[in-house]
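All of the numbers you see were taken from the coordinates with simple rules; none came from a lab. Being a predicted model, the structure only gives us computed values, none of them experimental. Cβ placement follows ideal geometry from the backbone for every residue including glycine, while neighbour counts extend to all protein chains displayed.
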Amino acid sequence: MPRLKLTVLQIGVGLIFLMLWHVLTVYPISGTPKQVQFFFSTPLDVLKRCWTLFASGEIWRHLWITLVETILAFLFGAGGGIIFGFLFARKELLAAVFDPYIKAANALPRVVLAPIFALWFGLGIWSKVALGFTLVFFIVFFNVYQGVREVSPVVLSNARMLGMNERQLLRHVYWPSALTWVFSSLHTSVGFALVGAVVGEYLGSSAGLGYKIHEAESVFDVTGVFAGMLILSVFVILIDMLVTMIENRFLVWRPQTSLAAQT
Amino acid sequence: MDQATSLAAVALNDVAITFGPKVGGYTAVSGIDLSVRPGEFVAIVGPTGSGKSTILNAAAGLLKPSQGKVRIFGNDLAGLNLRSGYLFQQEALMPWKTALDNVAVALEPKGVSRSEALQRARDWLTRVGLKAFVDRYPHMLSGGQRKRVALAQVLIRDPEILLMDEPFGPLDAQTRQIMGNLLLSLWAADRKAVMFVTHDLEEAIALADRVVLLSAGPAARIIGDFPVPLPRPRDIAEVRMEPTFHHIHKEIWASLRVEVQKAYAQGEGT
């Protein structure tokens, strides 16, 4: 499909949705507008609220905090995942011994950890970073583990026949192979870092996007909740675009079709 | 025999290779006696599943023989045979490195500095005709071009022995001829010992000084050893027109055909 046509259709769907929302909440179709607006707000109100949030400069601080939490959670999670992924993939025994514990830890819904982390790390950013870490770590860990173990045996044999020692194999074969898998899961892991940050903020904090949404919710300010959600979505899309740019930069060597392979 | 063995670049003495358990495992080859002199080009031919690659892997040290000995220039082989270069049938290039880096990295284990390695890699890529493609990643190259890169990657290390496992198998007929001629011209420069595995008898005769014939598996043995007295330098395409070529081909094919039929009969049985 031509790009232009696609873009027009994509915008069309959004506009129709907003029109429906507007019509149903502003005109007395499904009840008195006042009542309906209490539950659903109106698109114009939400946009107006977003505008005030940015115009007053209030939102920047919250965006910044959420961003910092996301980045820290991603860096720590990815770092830990890479180190342990490598270690476990190269040491069979370690992987075998820890296997049930890794699975058990990964099976745990992370939300239940939030109060514990709040207790351990306080209500500041570190409890959110910790929550994001637990999400990112496992994604990256499993991907690196897989990446190291699924190195093509022919490429590996070839590298060994070229006389590479363990360190050189690590640098030229295992590491790039694992990195491919890390990058292919980058969208997922960055997304989860953000989820960890926002959920953490939502459950107990004094700043961040999650906090703003929670604050609005606790006074039944539906407009505020939707405004927070809208800002959060745009924020996520921007981060995702950044990730795509980084990915294209690092995976130039890959044929285009396999870029779609994501976990 | 012992004299010949100690002079040989590669010598296999009574080698057998069994996969799986010692009893009840699958014996791919057994009783293999084969030696390749320095500077000699030996082709190993046999039907599918005759353990051609298995023998090559034993000479490379990638497989440890269950029985018998592998000697490289008179020394018992322990671990990988790093005096040899191995050209694989499958894709063996590192997909995350450019052609240039793939070739240059082969010099890193030898302790060659990065800048010198890059310089020499450029030279080698020029010699295999890929001067304009040094910055391409493997997926941007054709199958034949990737083989050229792989050939440069192996040869830049200047190994004393070349082990080749149906290296041109996946290529189309024309590309195979071009690659065969390229290989012969590169080989003529410094005549390394070559073990070249193929199922293509014509290719084997056109390239080699000697054709070794394996029986059908399991427990394949060497059932023929034919010298190829064709003059060098050869052109792969033209040498096929020579009467001597036909003569040798006829002689080897008579034996090979029986084994191919055996291999097929077994294949249908399973």
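Think of the protein assembly as shown as a dipole: +1 on every Lys or Arg Cβ, -1 on every Asp or Glu Cβ, centred on the Cα centre; then among B:Gly46, B:Leu230, A:Leu238, A:Leu238 lies furthest on the positive end. Does a label point 7 Å from the Cα of A:Thr52, set along Cα-to-beta-carbon, have any residues of region A:185-221 with amide nitrogen under 17 Å, and which are they? Under cut-off, by backbone N: A:212-221. How high is the FRET efficiency between B:Glu116 and A:Phe39 when r is their beta carbon distance and R₀ equals 51 Å, given to the nearest 0.05? So the FRET efficiency works out to roughly 0.10.
Rounded to the nearest 20 debye, the dipole size of the protein assembly as shown about its Cα centre is 480 debye, using +1 on the Cβ of Lys and Arg and -1 on the Cβ of Asp and Glu. How charged is the neighbourhood of A:Leu230? Take every other residue with its Cβ under 12 Å from the Cβ of A:Leu230, and add Lys/Arg as +1 and Asp/Glu as -1. Charge balance near A:Leu230 sits at +2. Summarising the label geometry, the points placed 7 Å from Cα in the beta-carbon direction at A:Ser218 and A:Ser30 lie 3.0 nm from one another. A simple spin-label model places the labels of B:Thr126 and A:Leu87 4.9 nm from each other, with each point 7 Å out along Cα-to-Cβ. Angle of helix A:92-107 to the longest C-alpha principal axis of chain A, folded into 0 to 90 degrees and rounded to 10: 10°. Only residues of region A:114-140 count here: report those whose backbone N is under 16 Å from the spot 7 Å along Cα→Cβ of A:Arg61, or say none. Residues passing the 16 Å test: A:124-125. Length available on full extension from A:Ala96 to A:Phe250: 0.36 nm per residue minus the Cα-Cα distance, which gives 52.2 nm. Where only DSSP H runs of four or more residues are counted, chain B gives -12000 deg cm²/dmol as its mean residue ellipticity at 222 nm, each run worth -39500 (n - 2.57). Residues of region B:42-65 with an amide N closer than 15 Å to a point placed 7 Å from the Cα of B:Tyr264 along the Cα-to-Cβ direction: B:47-49. In chain A, the calculated helix contribution to ellipticity at 222 nm averages -26000 deg cm²/dmol per residue, counting -39,500 (n - 2.57) for every DSSP H run with n ≥ 4. Taken over the Cα atoms of region A:90-206, the convex hull encloses 116 Å³ per residue. Rounded, prolate or oblate, given the Cα gyration tensor of region B:18-84, with a/c below 1.5 counting as rounded? Judged from the Cα gyration tensor, region B:18-84 comes out oblate (a/c at least 1.5, b/c at or above a/b). Ranking A:Gly81, B:Thr18, A:Ala130 by Cα position along the charge dipole of the protein assembly as shown, where only Lys, Arg, Asp and Glu carry charges on their C-beta atoms, puts A:Ala130 farthest toward the positive end. Where Lys and Arg each count +1 and Asp and Glu each count -1, what net charge lies around B:Ala237 among other residues with Cβ under 12 Å from its Cβ? Taking every Cβ under 12 Å from that of B:Ala237, the sum is -2. Region A:19-72 and region B:226-270 have Cα centres lying 80 Å from one another. Segment A:Met1..A:Ala107, full-extension length gain: 34.0 nm, with 0.36 nm per residue of separation and the alpha-carbon distance subtracted.
Mind giving me the FRET efficiency for A:Ile11 and B:Arg191? R0 is 51 Å, r the Cβ-Cβ distance, nearest 0.05 is fine. E(calc), rounded to 0.05, equals 0.15. Taking Lys and Arg as +1 and Asp and Glu as -1, the other residues whose beta-carbon sits under 10 Å from that of B:Val134 total +1.
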